[in-house]
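The values are calculated or read from the model by the stated rules, or taken from the named source; none is laboratory data. The structure displayed is predicted, hence computed values, not measured ones. Please note: Cβ atoms are built from the backbone with ideal geometry, for glycine as well, and neighbour counts cover all protein chains shown. When the accessible area is computed, the model is the full protein with side chains, heavy atoms only, and any ligands, DNA or RNA have been set aside. Shrake-Rupley method; radii C 1.70, N 1.55, O 1.52, S 1.80 Å.
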Amino acid sequence: MTMDSPSLRRRHPSLLSSGIALGCLAVLGTATPALAQDDDAPRRVGLLLDAGAPHGIGLSAVVRPTNWLRLHAGPTTNTLSIGVRGGLSILPMDTFVAPSLNVEAGHYFGSEYSEVLDWLGREPSATSEAIRDVTYNYVTGSVGLEVGTKSRFNFFLNVGLSYVALTVPDPTPLIQDAAEDDSVTSGPLHVRATIPSVKLGFIVYFF
């Protein structure tokens, strides 16, 4: 039979404490990455606010189902009319600063655009009557630069081209004024144009 010496017995508590400490460190080491992963988990739902030309100001709900795809939809205004829009962005790089490819389509409901004449310094006339109930649709393609794409809050700048289809229901006064001939009449006027587009905005993700 052998018996522990006093020195060996004194070491048992120390060895036990060391084992418990190492176990705690191992648990902490395993839990810390998991906690960090929860903190860094990408948020997928948020709000987008932007302003630009020619389509004014917009507020949209944002959903990002994957790291490389973002969808948005919401109301817009160009200060003369109210509209709606929807679009998507492709984010090929999952980095803090990243490029983007963007497509957006929208519609502005009928409104009075005679205030444009005031901006141009023209006096109201019969021409103003023709700029009522004007509607237009548009499709925009752009490239962008985004800062903070992996964070909760990010800015973006988009530059591209916008195809606009505008309809004036009764352009007769406009045409008579331009031709200086009251005998001229016309049906609805449809205008198509491709114009530059620029937009600056930010996104806040909540969930």
Return a yes/no flag: does segment 168-186 have any residue that is touching a residue at least 40 places away in the same chain (Cβ under 8 Å), in contact with an Asp or Glu (Cβ under 6 Å, 6 or more places away or on another chain), part of a strand (DSSP E or B) and farther than 16 Å from Gly56 by Cα. no
Looking only at segment 128-162, and only at residues there that are assigned to a loop (DSSP other than H, G, I, E, B) and touching a Ser or Thr at 6+ places or on another chain (Cβ under 8 Å), the one that is most open to solvent (accessible area, probe 1.4 Å): Lys150
Out of the residues in segment 148-166 that are under 13 Å from the mean Cα position of the chain (by Cα) and at pLDDT 95 or above, state the one that is nearest to Asn102 (Cα to Cα). Asn158
Which ranges mark the strands (runs of 3 or more DSSP E) fully within segment 41-95 that have 2 or more residues being under 17 Å from Val159 (Cα atoms)? 45-53, 56-66, 82-90
Just a yes or no: is a residue in segment 163-173 among the β-branched types (Val, Ile, Thr), surrounded by fewer than 16 Cβ atoms within 10 Å (Cβ to Cβ) and farther than 30 Å from Leu47 by Cβ? yes
What single numbered condition from (1) modelled with pLDDT under 85; (2) open to solvent by less than 50 Å² (accessible area, probe 1.4 Å); (3) closer than 18 Å to Ser111 by Cα fails to hold for Gly187? (3)
